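Working notes, structure below.
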Amino acid sequence: MSGRALMRAIRVAQYGGPEVLRVDFQVPVPVPTDTQVLVEVKAASVNPVDTYIRNGTYSIKPPLPYTPGADGAGIVSQIGASVTKFKEGDKVFLIRTVSGGYAEYTVAEEAMVGKLPDRLSFSHGAGLGVPCYTAYRALCIKAKDKLKPGNTVLVHGSSSAAVVLACVQIGVSKGLKVLVTAGTPELLDLMLKQGAAGAFSYKEQGYTDKILAATNGTGPDIIIEMTANVNLETDLKIINKGGIIVVVGNRGNTEVTPRFLMHKESIVTGMELWNSPPEEWVEMHQGISEGLNAGWLQPNVQKEYKLEEAGLAHKDFMNKSQTAGKKVIVM
């Protein structure tokens, strides 16, 4: 496909609210390099990071104007000369696009593309990338030493419901006893239906007592922490001796008591998906592929939006951060 061909895409000309997400009908179709894949986008996911970048509060600020969207799914339209894992016509999902997923076409590095099983829709495929790979890396790589059947993992939830859901699905598949916290009855119910052994509202007084009771007083062996600035001190109190806390999300500063670390001899580590070295991407691809093919890994899609409704999708996401499913933009 010629680079002179034009497409529809969302372009952000200035940082701000959802209203800055505007459709441009004259955007050149990107041309893949030797290591890239050009994909005809069928669906793109709305992730928390998309909203942070759009309003200018994220640590990384792309040059303006830019097209948002890391995750997506579609059909391979063209491959670079060095690409070997994909061919034109393949049904794929994207973990991180180069040119932005809120568009009719996007390019991604071959290493950031996965094959989408026929049983999954493009909307489901769009919900796989950042949430599922983040969950897999946190549990299966960062907390690997404690990833033993029968051990307990607490997923301390927040607005990243898609990551929490993926953690539940992965944890159950590994034989872990999975406990979760969430802020709405809808989410708590969904996590129980997905196999969580216990689901607790963090809005309830004394919810940590229920978590401890569910672990016979020892506390969880692993905590996947989505809001460290709120929960880290609590995590240090309730973690089992020798346990590990993996910080996946944070929204501000916090103060902790190091003596809890000393007493429990616990480990606190952070993770960011984009720090993953090549060998971890290979491992994550394999693990995610196994889950997709076996059928135990599947995002929950709540609502679809047209490309022209991208601003509404962001607005709904911010107004209803604790939702039980992904918001997806379809072309």
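The values are calculated or read from the model by the stated rules, or taken from the named source; none is laboratory data. This structure is a prediction, so every number in the text was calculated from the model and none was measured. Neighbour counts are summed over all protein chains in view; Cβ atoms, including those assigned to glycine, are modelled from backbone coordinates with ideal geometry.
How about the range 1-68: which strands (runs of 3 or more DSSP E) wholly inside it have at least 2 residues that are β-branched (Val, Ile, Thr)? Step through it out loud before you land on a result.
Details: elements: 6-11, 22-28, 36-45.
Output list reads 22-28, 36-45.
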Query raised in the report: Any residue at all in the range 68-91 that is closer than 27 Å to Met226 by Cα and aromatic (Phe, Trp, Tyr)?
Result: no
Query raised in the report: Do we find a residue being more than 24 Å from Pro68 (Cα to Cα) and free of Cβ contacts under 8 Å to residues at least 24 places away in the same chain anywhere in the range 299-309?
Result: no
Query raised in the report: Do you know which residues across the range 230-255 are farther than 23 Å from Ile141 by Cα and in a loop (DSSP other than H, G, I, E, B)?
Result: Arg251, Gly252, Asn253, Thr254, Glu255
Query raised in the report: Any residue at all in the range 249-272 that is within 30 Å of Asp118 (Cβ to Cβ) and either in contact with a Cys (Cβ under 7 Å, 6 or more places away or on another chain) or among the hydrophobic types (A, V, I, L, M, F, W, C) (or both)?
Result: no
Query raised in the report: Do you know which residues across the range 129-167 are modelled with pLDDT under 95, in a loop (DSSP other than H, G, I, E, B) and in contact with a helix residue (DSSP H, G or I) (Cβ under 7 Å, 6 or more places away or on another chain)?
Result: Gly157, Ser159, Ser160
Requested in this report: Output yes when any residue across the range 211-232 is among the charged types (D, E, K, R), outside the structural domain of Gly325 (by TED's automatic domain parsing), within 23 Å of Phe260 (Cβ to Cβ) and under 17 Å from the mean Cα position of the chain (by Cα), and no when none is.
Outcome: yes
Requested in this report: Run Gly249 past the list (1) modelled with pLDDT under 95; (2) surrounded by 14 or more Cβ atoms within 10 Å (Cβ to Cβ); (3) closer than 20 Å to Val163 by Cβ; (4) not assigned by TED's automatic domain parsing to the domain that holds Asn216 and report the number of the one that doesn't hold.
Outcome: (4)
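Report yes if some residue within the range 29-48 is among the β-branched types (Val, Ile, Thr), at pLDDT below 95 and in contact with a His (Cβ under 6 Å, 6 or more places away or on another chain); otherwise report no. I'd like the intermediate steps shown before the answer.
Narrowing the range 29-48 to residues among the β-branched types (Val, Ile, Thr): 29, 31, 33, 35, 37, 39, 41, 46.
Still in the list and also at pLDDT below 95: 46.
Filter once more, so that each one left must be in contact with a His (Cβ under 6 Å, 6 or more places away or on another chain): none.
No, the range 29-48 contains no residue that is among the β-branched types (Val, Ile, Thr), at pLDDT below 95 and in contact with a His (Cβ under 6 Å, 6 or more places away or on another chain).
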Query raised in the report: Among the residues of the range 269-285, which ones are surrounded by fewer than 16 Cβ atoms within 10 Å (Cβ to Cβ), assigned to a helix (DSSP H, G or I) and not acidic (Asp, Glu)?
Result: Trp274, Asn275, Pro278, Val282
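Give the residue that is farthest from Gln302 (Cα to Cα), with candidates limited to residues of the range 106-116 that are in contact with a Ser or Thr (Cβ under 9 Å, 6 or more places away or on another chain) and not in a helix (DSSP H, G or I).
Glu109
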Query raised in the report: Do we have Val98 as in contact with a Leu (Cβ under 7 Å, 6 or more places away or on another chain), of a type outside the set (Gly, Ala, Ser) and on the phi < 0 side of the Ramachandran plot here?
Result: no
Report summary line: Within the range 81-100, residues being of a type in the set (D, E, K, R) and under 12 Å from Leu116 (Cβ atoms) number 2
Report summary line: Of the residues in the range 168-227 that are part of a loop (DSSP other than H, G, I, E, B) and charged (D, E, K, R), the one that is surrounded by the most Cβ atoms within 10 Å (Cβ to Cβ) is Asp221
**Report entry** Filter result for Lys327 (within 19 Å of the chain's Cα centre (by Cα), buried (at least 16 other Cβ atoms within 10 Å of the Cβ), of a type in the set (D, E, K, R) and closer than 28 Å to Cys140 by Cα)
**Finding:** yes
